[in-house]
Amino acid sequence: MKRNIDLKEGVFRGIPIYVCSLIGLTVILILSVLYAVTVGSADLSIREVYQIILYEFFRIGDGELLSSGAVHDIVWLIRLPRIFQAVAVGMGLSVAGTVMQAIVKNPLADPYVLGISSGASLGATLTILLGAGIFGSASVGIGAFIGAMAVAFAVIAISNIGGRSTSVKLILAGVALSSLCSAFSNFIVYVADDPSRFMTVNFWLMGSLAGAEWSSNLLIFCVVIPCSLFFISQSRILNLMLLGDDTAVTLGTNLQPYRMAYLVIASLMIGFTVYASGVIGFVGLIIPHFIRGLFGVDHKKLLPVAALTGSVFLVWADVVARTILPGTEVPIGILISVVGAPFFIFLMVRKNYSFGGRA
């Protein structure tokens, strides 16, 4: 006989509020993008910015004046690509963080804390060092994916040594492997003795959207959107993971193959987001917790809202990174870590930071 899963609910309950929230977040995301493109070190008028956008998307306006020039390049080749990259990376990290917290049944898990982002960074750096171009422009992304997946499985394997995995063992294994990957990345710079490679590793470690291009954005969206939709379709299994393997078995589901498959797909998302923007920490930790408190732990609701919220969050984080210091840009990874690290400490010292439900 089929049993219903009773999951903890958040502050906002009911389908109408949820639908209105999705619509509201979509509108906020669109408005955030439209505002962010007008902000930057170059002093451009709003009219100039939107004239170029209208021409590029809808071919409205004088092509001779709007299709080239300094203003066109700033808006179309610099600002818009990095804003769209912020949307994709924010979505990917938020969804991946939400899924990983369910996979390991640990609310402190995210790609950064578990060392998976550092593994992706090491994989990307090794790919650049070896000059592997067999897969063309996607080679760095594939290298980052392999690094992310290797660290993900290593974290699980190490945490299971000497007994069943626990939350503390997962965190400790992730921190250790993260440090190890960072050490190897720095060692690569040391032995290579190449300033350009030193700057490349710094890019992966600090995180930045400054290198965004339309071609790389297309690749990231082609990975993030299908993977996000897949995880949304798997909301029932993800909910079962919160209840634990024993409960899932009584409901007729073996979670182990799902856990491995989800880990591979999440690593794919993380690898390509790191390929695009470097290591941006704590997004996958902050956003799921914030949304879980509002809408509960049901992944059918949690994942779509987290995806939109993560995109909005990173768009505004990028705006702050570009404007907080006049004449320069703060790496977005550093900026978010300033917010994320205290939030992580707050979760660690709480007496109860579990989540889930009962069957």
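The values are calculated or read from the model by the stated rules, or taken from the named source; none is laboratory data. If you're wondering where the values come from, they're calculated on a predicted model, not measured in any experiment. The protein model used for the area step is the full one, side chains on, heavy atoms only, and it has no ligands, DNA or RNA in it. Shrake-Rupley method; radii C 1.70, N 1.55, O 1.52, S 1.80 Å.
Points to keep in mind about this one:
- A 1.4 Å probe run over the protein chains yields, for the chain, 46 Å² of accessible area per residue, whole-number rounding.
- Protein accessible area in the chain, 1.4 Å probe - carbon and sulfur %: 68 percent
- Estimated 222 nm signal from helices in the chain, with DSSP H stretches of n ≥ 4 weighted -39500 (n - 2.57), rounded to 500: -23500 deg cm²/dmol
- When ASP43, ASP246 are compared by accessible area of protein heavy atoms, the largest-first order is ASP43, ASP246, using a 1.4 Å probe.
- Debye intensity ratio I(q)/I(0), log10, segment 226-284, q values 0.12, 0.17, 0.22, 0.23 Å⁻¹ (C-alpha model): -0.37, -0.66, -0.91, -0.95
- On Cα atoms only, tilt of 15-36 relative to the major axis of the chain in degrees: 30 degrees
- At 1.306 mPa s and 10 °C, Stokes diffusion of segment 202-359 via Kirkwood alpha-carbon radius, µm² per second: 91 µm²/s
- Residues MET241, MET260 ordered from highest to lowest accessible area at a 1.4 Å probe: MET260, MET241.
- Solvent accessible area, Å² - PHE187, 1.4 Å probe, full protein context: 120 Å²
- Overall, the ratio between the Cα radius of gyration of segment 52-137 and 2.2 N^0.38 Å, rounded to two decimals, is 1.63.
- Between the helical axis of 214-233 and the longest alpha-carbon principal axis of the chain there is an angle of about 20 degrees.
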